[in-house]
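K.L.:
What follows is a single structure, and I will ask about it in a moment.
The values are calculated or read from the model by the stated rules, or taken from the named source; none is laboratory data. Please read all numbers here as calculations on a predicted model, not as lab measurements. Please note: Cβ atoms are built from the backbone with ideal geometry, for glycine as well, and neighbour counts cover all protein chains shown. For the accessible areas, the whole protein counts, side chains as well, though only heavy atoms, and no ligand, DNA or RNA atoms are used. Shrake-Rupley method; radii C 1.70, N 1.55, O 1.52, S 1.80 Å.
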Amino acid sequence: MQSTSLLGSLDLENLLDRAPAIVASDCSVRSAIAQMRQVSASYLLVMENTRLIGTFTETDITTLAISRPNFLDLALADVILQPVITIKNALDRSYLELLTWMVEQQIDYLPILEASGQVLGVITPTTTKQALLRQNQIDTMSQALESTIRSLEFQKFALDQSAIVAVTDRHGIITEVNDTFCQISQYPRAELIGQSHRIINSGYHPPEFFQQLWATISSGKVWRGDIKNRAKDGSFYWVATTIVPFLDAENKPFQYLAIRFDISDRKASEEKIREQATLLNVATDAISLRDLDNRILYWNQGAERLYGWKAAEAIGQKDTDLICPDAIAQVEAALQTVIQEGQWQGELSKISKAGKKLLVENRWTLIRDEQGNPKSILTVATDITERKQLERQFLRAQRMESLGTLASGIAHDLNNILTPILAAAQLLPLQFPTVSEQSQTLLTILSESAKRGSDLVTQILSFARGMDGQHAPLQVRHILAEVLRVIQQTFPKSIAIKRNLPTDTLWLISADATQLHQVFMNLCVNARDAMPEGGTLQLTAENVVIDENYARMNIDAHSGAYVVVTIADTGTGMAPEIIERIFEPFFTTKASGHGTGLGLSTTTAIVKSHGGFMNVYSEVNRGTRFKVYFPAIEGTEIPLEQDLTTLKGNHELVLVVDDEASVREITKATLEAYNYRVLTASDGVEAMTQYAQHRQEISMVLLDLMMPTLDGLTTIRALQKINPSILIVAMSGLAANEAVAQATRVGIQHCLAKPFTAQELLQILHTLKTRTISLR
């Protein structure tokens, strides 16, 4: 009763905080916290004009930090957790009555108002403690102690209805618990009294957690926080805990009052939110939340991985400053769209922390507040940089394929024109050996021009069909050695040539030596032309193994072993827009008359026909590097065959079938000049007639595969019905077309590509005769 009388005897006038800190309702939480720290206040009165609408306390800050992320910039009016509770004309009431009422209402701060509504002051935990201390200075220590104990008993009774209450001595030994404590912990009172709180320790919190707790309360300060406890049956529960130290005359704690509330349901909800946040972090997409000023509020781990900025670095920054400084106009336009329509989707160019350029597909969704006003923007971004790169490669491959179809048709017609020109240019010097020197010069010019035309057609065919060639196991270093001998003799001395060619460690590849020579020469000549003032040309070769990750980055690559040849120069280099087009046929940056535009398109066609691919890297005024990849094989290298000498015929009769009169006549003249007899036919029907009449004399048939009326393939089958062992050489302007493949399937083992030289013509006839004799 003595403690009750002590509380009741306290003068309310002396319990009021007469100078409470006041703040406007539209003040932000951030500013309010700063003001509290400035005046060392534990609470603020929130006023709307002259009307008191609530209190803002240290407890509110903790609750907001848990329940409402990004709360610091919100107005106080939007975060007041409960309506303000006040009392008017309370000066005639006892402190005990008011304290009881405060406990029932579960409030720590009670504003006292005049009848007019003017704030007289506020009852706070601090004013209560100060009043008690003042009373303790008047009364004896025993009276103060008895009064404190009785007040605790009363508070215990009042709090029993909803709170979990425990009293401990200065060492943390439990001296009293209420019924609610026993119910939630499932321990009877007798088992709790005399124990420390270790009896309900869940093991969830580290030792440092409790060290900080004890450091706070033993210094006389109130501690607030959430604790996970373990009940007697092993189940767990969470409590929001406030521990108040009771101080003696020397301001040292002599006992502690712990008031707890069960928050297990709230913690379960928070755990669910954390799980959802974890799912957002697991997502591969970059997910972020921005306010309407484009400042980042949330930044998941996917965004960290994509852009390289950690969440702590990104939050608070403007999106346009951080990752898309070059797309401000696009971002502002998208922002207007999402505010008007609620969503926006599109592609934006962005840049990572490391400076890497990214192309990102964005999906923006407008988030509204409870009043329906635009509040923030949720952004889900997907990196499509790699996909777009593959799309460009695919479109370029389609464009090359279409141009290849066109080029193959042109090549066929040009071959039929060039075949007689080239053959005649080589045949005329044999028939007219005594012509004047001027005529000999003209014939030489004619032969060289026809040969250049033939080489151009060969390049067109390589681009159009890849030209399979004669593939055999070989070492790249042999081809590179030949190329080096040529360029060292012909390139300007101002170009330094470096090499790095392993002598015995390179893997074998399956390739056509002539075509590889053409590939490397094309790249070296381009390098030479890029260094008109001189520079360095470097050729290297090495073994590499490509993994699945690299293969996904290049549409033409496959995982496995490769031999890589690198040709690099220190020349003028190329801009990105030029690199995009260099493999297109007939595209060239050289001056008129200095390039056909077929070099690189032919090169890439040959490389692809070998199952390989190419990469190019170039910087303006720094140089260019081509890397050519060829699949490695296992096996033994086959020595390159030497050119065979031309052999004359032995009066064998050859039937030449071609719808082009010029081809027939020049082929006939060439064969006759080399001791062959010749019959000609302009189409398949005439060929069968001629063969039927001269079957016993005709040794071989030269037959064009592409003829009107009766095509070459049909003619071959008809001739084979007449004579299954007939010797036929197929001629075609398209060395790798379908007709050639079908002719091979029906037993034709020799095909002659137009235009052909006299040596090539005679060599294939000699080979056919030799093989026939050996079979006999």
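K.L.:
Based on DSSP, what percent of beta bridges with both residues in the range 12-133 are antiparallel, to the nearest 5?
P.N.:
Counting only bridges with both partners in the range 12-133, antiparallel ones make up about 70 percent.
K.L.:
Using r as the Cβ-Cβ distance of V39 and T126, and R0 as 22 Å, what FRET efficiency do you calculate, to the nearest 0.05?
P.N.:
Efficiency for this residue pair is about 0.95.
K.L.:
Okay, moving on. At what distance in nm do the modelled label points of T100 and K721 sit from each other, each positioned 7 Å from its Cα along Cα→Cβ?
P.N.:
12.4 nm
K.L.:
Another question, if that's okay. When only C-alpha pairs under 8 Å and at least 6 residues apart count, what is the relative contact order of the range 12-133, in percent?
P.N.:
30 percent
K.L.:
Another question, then. Find the Rg to Rh ratio for the range 646-774, where Rh is the Kirkwood radius over alpha-carbon pairs and Rg uses the same atoms.
P.N.:
Here the Rg-to-Rh quotient is 0.91.
K.L.:
Multiplying the sequence separation of T382 and S662 by 0.36 nm and subtracting their Cα-Cα distance, what value in nm do you get?
P.N.:
94.6 nm
K.L.:
Moving on to the next point. Expected output is a single nm value to one decimal: the length gained when fully extending between T86 and I497, i.e. 0.36 nm times separation in residues minus the C-alpha distance. What is it?
P.N.:
138.7 nm
K.L.:
Moving to a separate point now. Over the range 646-774, give the accessible area per residue in Å² for a 1.4 Å probe, as an integer.
P.N.:
43 Å²
K.L.:
On the Cα set of the range 467-633, report Rg and Dmax in Å, please.
P.N.:
Taking only Cα atoms of the range 467-633, I get Rg and Dmax of 15.4, 44 Å.
K.L.:
What is the calculated FRET efficiency for I633 to T337, with r their C-beta to C-beta distance and R₀ = 45 Å, to the nearest 0.05?
P.N.:
Computed FRET efficiency for I633 and T337: 0.20.
K.L.:
Moving on. What does the charge count around K375 come to, taking other residues whose C-beta lies under 11 Å from its C-beta (Lys +1, Arg +1, Asp -1, Glu -1)?
P.N.:
So the environment of K375 carries a net charge of -1.
K.L.:
Using only alpha carbon pairs under 8 Å that are at least six residues apart, calculate the relative contact order of the range 184-263 and give it in whole percent.
P.N.:
Taking the mean separation of contacting Cα pairs over the length of the range 184-263, I get 25 percent.
K.L.:
Using a 1.4 angstrom probe on the protein heavy atoms only, could you order D529, D92, D293 from most to least accessible area?
P.N.:
I get D92, D293, D529, largest accessible area first.
K.L.:
I'd like the GluC sites (Glu not before Pro) in the range 320-385 restricted to DSSP loop residues with at most 15 other Cβ atoms within 10 Å, sorted by number.
P.N.:
Loop-located and lightly packed - E370.
K.L.:
Next question, about the same structure. Work out how much length E153 to T284 would gain on full extension: take 0.36 nm times their residue separation and subtract the Cα-Cα distance, in nm to one decimal.
P.N.:
Gain in length upon complete extension: 41.4 nm.
K.L.:
Now for a different question. Can you tell me the FRET efficiency between D413 and L446 if r is taken as the Cβ-Cβ distance and R0 is 25 Å, rounded to the nearest 0.05?
P.N.:
That pair, D413 with L446, gives E of 0.80.
K.L.:
Treat each spin label as a single point 7 Å out from the Cα along the C-beta direction, and report the I555 to A481 distance in nm.
P.N.:
Label at I555, label at A481, 3.9 nm between them.
K.L.:
How high is the relative contact order of the range 467-633? Use alpha-carbon pairs under 8 Å, at least six apart in sequence, and give a whole percent.
P.N.:
After rounding, I find 25 percent.
K.L.:
Follow-up. For E176, which sequence-distant residues (separation of 5 or more, or a different chain) have an amide H within less than 5 Å of its own amide H, given hydrogens modelled in the peptide plane?
P.N.:
Close amide H contacts, sequence-distant or interchain: V167.
K.L.:
Right, something else. Taking every pair of Cα atoms in the range 162-268, average 1/r, invert it to obtain the Kirkwood radius, and report Rg/Rh to two decimals.
P.N.:
That ratio equals 0.95.
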